[in-house]
DNA sequence: ACTTGAAAACTGACCCGTCAGTCATATTAT
DNA sequence: ATAATATGACTGACGGGTCAGTTTTCAAGT
């Protein structure tokens, strides 16, 4: 603490503290919302988990809704940046098959095998009650994910690696291709106690079947 | 009403009325729960929708939880019977591919393209809060569905129609195979306003990719 | 360095609308 | 007549949101 204090001249200590609080609250919110679901989560629980009082919580977020929305935003945006940069790094070097494998594994590792997978469940659970969050999620996460997958598949078709499935593109091709991942996340959260799955080998199964269905 | 009243001797009118009430309540419950989600649904809304008072509702179901559980049971069990009988009818006549197509289309037609698809979303949304309902759903619906699909795939492997994917069986094969359908239902409920899908052609895409991945 | 005082940050008891569940009373069927 | 059904006003717990009061931070004055 003593070493890294000369950040910015004047107002900075307060600012840094404030920023840290924000992060703490977001983390607490994800934890509580993931555990209890939106409706059953109490603002008191989030405050406790973040180590602050309820009053302070309301200094950072105007309402429970705003907290939920803010949590989704701040947990998802960094991931998209990371995805974008990893895509740039590997551009043009790999076959379509390897590119697909690479992205699929990235998705499983950074979303499904993380706390973030609970966000997906929450969107599904609360989506109809929060149309603007569903829209936000679609715009920032899903549409970009589907666009990336579509690009890979088209690349594979161009190279002759994949058979020509372009006429399925507007009829659920991408949703079908990604579906395995979504179901893995949901299964892990809900049905794992009854029939556990191992995400690592599940991912390979998904790739196996999907590539089998795509390859020329 | 006047025509079909000579059912059973004495107490029967009351009994029939009671049974009809039960059905009305279940239908109302599905409608309201599907629209508002479990937590935001009010018992008053269900009562209104069923055309009875709240007090009467409590003569049929002890609590909101019991109503939810009862609704899931009574909406799902008839479907399973229907599935069972349709399976018996077509036994041994078809190739594995045709059997898979047949069952997939049954699933899309009788679950996904129906009010019942909301039940799946509700299970996902509320599963963690209702472990016994999640277990019930797994035991009565999922485990039977997965068993049926597994049987078809094994049948296809035996006949030489499908490549040998039996070592993937314990690693998510069935979940991957069915995932497209689940995602279709969720997408239709949540993201359809932003990017609509047509279930009919979506089903064909699902079959196309899945069979491509399975065939020898 | 050391007060000082005012603004910023924080607190938690309290307020108040909501809704699951109850029950005294009314209605209907036999 | 009377038992079975149905009703809806009522209760009490619960939790989102508020705010008067307390503590902390920090810059300006000495």
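Of note:
Listed here are the residues, each with its yes/no results for (1) within 7 Å of another protein chain (Cβ to nearest Cβ); (2) surrounded by 16 or more Cβ atoms within 10 Å (Cβ to Cβ); (3) assigned to a helix (DSSP H, G or I).
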{"position": "B:122", "(1), (2), (3)": "no, yes, yes"}
{"position": "B:144", "(1), (2), (3)": "no, no, yes"}
{"position": "B:150", "(1), (2), (3)": "no, no, yes"}
{"position": "B:160", "(1), (2), (3)": "no, no, no"}
{"position": "B:164", "(1), (2), (3)": "no, no, no"}
{"position": "B:170", "(1), (2), (3)": "no, no, yes"}
{"position": "B:174", "(1), (2), (3)": "no, yes, yes"}
{"position": "B:186", "(1), (2), (3)": "yes, yes, yes"}
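- The listed residues are A:86, A:126, and the only one of them that is within 16 Å of DNA strand C (Cβ to nearest atom) and modelled with pLDDT under 90 turns out to be A:126.
- Condition check for residue A:64: within 14 Å of another protein chain (Cβ to nearest Cβ), away from DNA strand C (no atom under 16 Å from the Cβ) and under 28 Å from residue A:144 (Cβ atoms): no
- Any chance residue B:7 is near DNA strand D (Cβ under 10 Å from one of its atoms), more than 14 Å from chain A (Cβ to nearest Cβ) and modelled with pLDDT under 95: no
- Unmet requirement for residue A:156, which otherwise passes all of (1) assigned to a helix (DSSP H, G or I); (2) within 13 Å of the chain's Cα centre (by Cα): (2)
- For residue B:77, the requirement of being at pLDDT 85 or above and either away from DNA strand D (no atom under 11 Å from the Cβ) or part of a helix (DSSP H, G or I) (or both) is met.
- Criterion (surrounded by fewer than 16 Cβ atoms within 10 Å (Cβ to Cβ), within 16 Å of DNA strand C (Cβ to nearest atom), more than 14 Å from chain B (Cβ to nearest Cβ) and modelled with pLDDT of 85 or more) met by exactly one of A:70, A:51: A:51
- Residue satisfying condition, being in contact with a helix residue (DSSP H, G or I) (Cβ under 9 Å, 6 or more places away or on another chain), away from every other protein chain (no Cβ under 14 Å), part of a helix (DSSP H, G or I) and near DNA strand C (Cβ under 9 Å from one of its atoms), within set B:23, B:46, B:111: B:46
The values are calculated or read from the model by the stated rules, or taken from the named source; none is laboratory data. Just so it is clear, the structure is predicted and the values come from calculations on it, not from any experiment. Cβ: placed from backbone, ideal geometry, glycine included. Neighbour counts: every protein chain shown.
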